[in-house]
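The values are calculated or read from the model by the stated rules, or taken from the named source; none is laboratory data. Note that the coordinates shown come from a computational prediction; the quantities given were computed from them, not determined experimentally. For neighbour counting, all protein chains shown are included, and Cβ atoms are generated from backbone atoms with ideal geometry for every residue, glycine included.
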């Protein structure tokens, strides 16, 4: 009598199907890890990025117009002047319709440039003289600038901020010049023990002789000579991590109206 084949007792019937279905469920349920950008943050799609930029520009326009009622008219004048100049050239060349798209583009660009300048001026007028204003300006600079706000300070809200970039180390003080100079001198001694021969610059924000006005601070810093390569900046950043970051509270958004205003107008200033 033939004996029917029995399945291997170590492998229960249907276990293969269960394992394969479990694998399939795991594979189908698994989510792809988001792609990261150079800053280590998840990449944002182009459409989403455009939408975010549009919302920030709209917010900046609303806030700037509140403090600068002439803004719409100045932008309109800039648009009309640029448009008229391009169209006049088109008429002289007997091709007004060919130049029409270019006139619209350049007119819009002129209006946006004026908007950026007015937004920047409005923002500076509001932050000038307030604690944390210099830190706000430094954090809005274009490029690879590593800002540590409030690394030293006094109860009177004098503060020193540290910036690491291609020029080297920049110490920026705001507040009473007499107290700030002492703070900067102390920080220079601490930093020199870590950075060696790396150039250390010091800046005091103010309108007196030998000081840098707040509205010219970012331009002044970005014009400093480039003494380090990008690799040297990264290596120096790792060594300076031992110094720590902020040791005193610096207002996160010195502008009246809160931090949202500082972020939106900073974005416009970066594009200006």
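Observations
Listed here are the residues, each with its yes/no results for (1) in the same structural domain as residue 56 (by TED's automatic domain parsing); (2) under 19 Å from residue 54 (Cα atoms); (3) in contact with a helix residue (DSSP H, G or I) (Cβ under 6 Å, 6 or more places away or on another chain); (4) without any contact (Cβ under 8 Å) to a residue 60 or more places away in the chain.
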position	(1), (2), (3), (4)
77	yes, no, no, yes
87	yes, no, yes, yes
91	yes, no, no, yes
96	yes, no, yes, yes
101	yes, no, no, yes
116	yes, yes, yes, no
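- Those residues of the stretch 160-193 which are in contact (Cβ under 8 Å) with a residue 12 or more places away in the chain and over 27 Å from residue 232 (Cα atoms), in sequence order: 174, 175, 176, 177, 179, 180, 181
- Residues of the stretch 118-155 satisfying the condition of being at positive phi, under 19 Å from the mean Cα position of the chain (by Cα) and without any contact (Cβ under 8 Å) to a residue 24 or more places away in the chain: none
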